[in-house]
């Protein structure tokens, strides 16, 4: 996030309704976010069961997504508040933080189809500002995907879907138990919303959508009218792809009592019929807004809701804050780890340690089942430590028992080298550049391997540097 990029981002946002902001967060901010999310999950009163909430046209959306309102945690203000001057300049608004949600996608999981923020902004007037910051907590690549697709506003102006959704909800709340299963009633309703199927939208927009790659720290900023959908995660890189979303409104955004009433009535029907817990904590912003409506609003503005007013200073930028006070400095806190490259490197080194062909290494198979014993495990960890300047203990192989698990752990532990490149080959101990001389007899090859293991042990005990070990290993493998 740099000042010189602001003009370009502003132009893109005004045209499309969204923009991808590179390096919006630095490594320490992402780490703090992850840690606090774990704490929030422990304390959350949201149902831990899978929730299937049929809005209409979607078939059996199997989701483990749970919504957590985390404004009561300081990390929201400390991480986001410093970014608000930048976002204010980007949008021309005085942005106010509202509620938040955590989403996760497993490989080949369908996720949500095309939609706009009708549920997320059910409490706001249709014409008033609303936007989201979508923060992937895991890398999204072109090969493995798992991100989102989004459509520019000039290709699909999604604002009209709010009116259609309101009409749909008016039908939904007519349900009673005499009409049978609630989800079946909703899905079978002859409403306009149910007629706007995925196929209809695909036909309308053709290929006029975008799908980007994301490094950890990059975000998507998009307004509430942008049509978007989940992209399935291909297996192989992540066991699960996580994302945190922050909902934002303007200081002058107003409460829509009618829309929130429709949404609340329907969700309460659903919770009662299927005996699921509410999807929001009892002290969430949405619950507080609903409660204030029941007690009678004294002002049409969200900022004047008592709970919001009480925490207003945490939700908006300080008047004295400069636009670049929130500029992150990834150069000094670099964590741009290429997970695919890291995984490939570890896979190759594991195959070498096991004297196996790389095709025999199953990424989701436990190390013990691959034949990795404690002795070889210690040596392999020593080589990894030397390569990536870590101090990892061999017991981590029990905590992270598969290659996919270990890749995720190591990527979070890697510290930036002096030139910022985690995968610097100068520190990497590998046989790729200097393969064992295949002309040697089998016994001699085994002797070479034993010598290499001895050298790796010396690196682990810090009797040799990685560079010295590389030089010695190269000479040994070449028969010198």
*Counting alpha carbon pairs within less than 8 Å and at least 6 residues apart, what relative contact order, in whole percent, applies to segment 100-225?*
49 percent
*Going by how many other Cβ atoms sit within 10 Å of their own, how do 245, 105, 368 line up, fewest first?*
368, 245, 105
*For residue 155 and residue 341 in the same chain, what is the full-extension length gain: residue separation times 0.36 nm, less their Cα-Cα distance, in nm?*
63.3 nm
*Taking neighbour Cβ counts within 10 Å as the exposure measure, how do 193, 98, 126 sort from fewest upward?*
126, 193, 98
_Taking the beta-carbon count within 10 Å as an exposure proxy, list 273, 103 from fewest neighbours to most._
273, 103
_Length released on extending from residue 185 to residue 203, taking residue separation times 0.36 nm less the Cα-Cα span_ = 3.8 nm
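Laboratory data are not the source of any read-out in this text; all were calculated from the coordinates shown. Just so it is clear, the model here is predicted, and its values are computed rather than measured. Every residue, glycine as well, gets a Cβ built from its backbone with ideal geometry; the counts of neighbours run over all protein chains shown.
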